[in-house]
Amino acid sequence: MFIARISRGRTIKEVILYSLTGPLIFAIVWFSVFGGAAIQMENQAQLLWKAGQELYNDPSYFQAGQGSNKAHTFSGVSEIYTKHMLVLLFNVTGSRTTTLYKDRFESRK
């Protein structure tokens with residue numbers, strides 16, 4: 001219903017072309033930027049492990065935050081909160097869409 005409203009007056013070719021190319025370009029840019037950053041971070045972490053092994057005979061010497069469990073606890077709490085919020089959002093969106101379609105079809109009678 002929503003796609004039909006915004007697609008009114010356009011050809012099928014235009015709708016498919018624009019609905020596929022926009023997200024595709026965005027995904028390519030997103031994964032290029034953040035994927036490159038992740039690879040760079042991984043390479044730096046390997047260099048730190050090697051430096052810790054060579055300098056202090058302990059590869060985990062340069063790891064930050066390993067002595068504190070507060071960061072791990074907060075991470076777990078935020079993960080649970082995020083999962084609950086996503087489930088809630090999914091259910092609210094689904095029920096809202098179902099109600100919208102039901103009202104739309106029943107108003108045609």
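The values are calculated or read from the model by the stated rules, or taken from the named source; none is laboratory data. Everything numeric here is computed off the predicted structure, so don't read it as measured data. When we count neighbours, we look across all protein chains shown, and the Cβ atoms used for this are built from the backbone with ideal geometry, even at glycine.
The figures follow:
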item: Criterion: at pLDDT 80 or above and within 30 Å of L47 (Cα to Cα) - qualifying residue of N69, N91, N57; result: N57
item: Contacts under 8 angstrom Cβ, first residue in region 37-57 being basic (K, R), partner surrounded by 10 or more Cβ atoms within 10 Å (Cβ to Cβ), 6 or more apart; result: K50/P59
